[in-house]
Amino acid sequence: DVKVTQSSRYLVKRTGEKVFLECVQDMDHENMFWYRQDPGLGLRLIYFSYDVKMKEKGDIPEGYSVSREKKERFSLILESASTNQTSMYLCASSPLPDRGLMGQPQHFGDGTRLSIL
Amino acid sequence: KNEVEQSPQNLTAQEGEFITINCSYSVGISALHWLQQHPGGGIVSLFMLSSGKKKHGRLIATINIQEKHSSLHITASHPRDSAVYICAVPSGYALNFGKGTSLLVTP
């Protein structure tokens, strides 16, 4: 089974801190994604990566950056944490499109509930 | 951007009832996904379908490409089906998600 592992289930940080969220997948997937999930807003894409050292902005990249130095690892960085970044963060991975069929099933980690005080 | 709308937002049913959750989208797609999220848990993919119908146990997903509409049905619902059900459509390499339907099945 595909396993996507996020480094922490719960994390509490202070305003202004630099925060790192780590995600590792074990299925050699090319694509990796970071989402945040908020009540009433659903899942929103922050950043994704389709290859090592490649990244693309999603719908809400402001205040975040990412790093993908190795294929299996995708890190989300909050450069200077703010209270409005308190949320559930979910990492996902998927293989490349199969025969041009875009949007392959994504495999999710268990999520990190981040609180910024 | 492909807008994805789900209905209803919240649904309460008694054990044994037949349940239907609806999803509509604005732009033609190659495939649609249904996912499930249990309280406090991660998200799992239930179905990926591009036409017709798929069945897995008591779950049935249908799609009408022309009408840009999909439904997820649960037959003989059980309290363990209580979860948030999310539909999603491709958006480049990523997926664009609906806001989810929160289902509570009571004994």
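Tabulated data for the structure shown
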item	result
Relative contact order %, chain A, counting alpha carbon pairs below 8 Å whose residues are six or more apart	35
Cα-based radius of gyration of chain A once divided by 2.2 N^0.38 Å, which approximates compact folds	1.02
For the pair B and A, total buried accessible area rounded to nearest 100 Å², probe 1.4 Å	1800
Size of charge dipole - chain B - debye, nearest 20, with Cβ of Lys, Arg +1 and Asp, Glu -1, no other charges	240
Chain A: antiparallel DSSP beta bridges as a percent of all, rounded to 5	90
In Å², nearest 10: area of A:Met27 left accessible to a 1.4 Å probe	90
Distance (nanometres) between label positions extended 7 Å along Cα→Cβ at A:Lys71 and A:Asn84	3.9
Whole-angstrom Cα spans of the stretch B:1-72 along principal axes, big to small	35, 23, 20
Full-stretch length increase - B:Lys54, B:Val27 - with 0.36 nm per residue and alpha-carbon distance subtracted	7.6 nm
Where the stretch A:20-117 is the region considered: accessible area per residue in Å², 1.4 Å probe	45
Reference-scaled alpha-carbon Rg (2.2 N^0.38 Å with N residues) for the protein assembly as shown	1.02
Carbon plus sulfur fraction of accessible area for chain A, probe 1.4 Å, in percent	50
Under 25 Å from A:Lys13, Cα to Cα: lysines that are on another chain or at least 8 residues apart	A:Lys57
Chain B: relative contact order in percent, alpha carbon pairs under 8 Å with at least 6 residues between	37
Per-residue SASA entry for B:His69, accessible area with 1.4 Å probe, Å² rounded to 10	60
Exposure ranking of A:Arg9, B:Arg58 by accessible area [1.4 Å probe, largest first]	A:Arg9, B:Arg58
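The values are calculated or read from the model by the stated rules, or taken from the named source; none is laboratory data. Keep in mind that this is a model prediction, so the values were computed, not measured. Cβ atoms come from the backbone with ideal geometry, glycine included; neighbour counts cover every protein chain shown. Side chains are part of the model used for accessible areas, which takes the heavy atoms of the whole protein and leaves out ligands, DNA and RNA. Shrake-Rupley method; radii C 1.70, N 1.55, O 1.52, S 1.80 Å.
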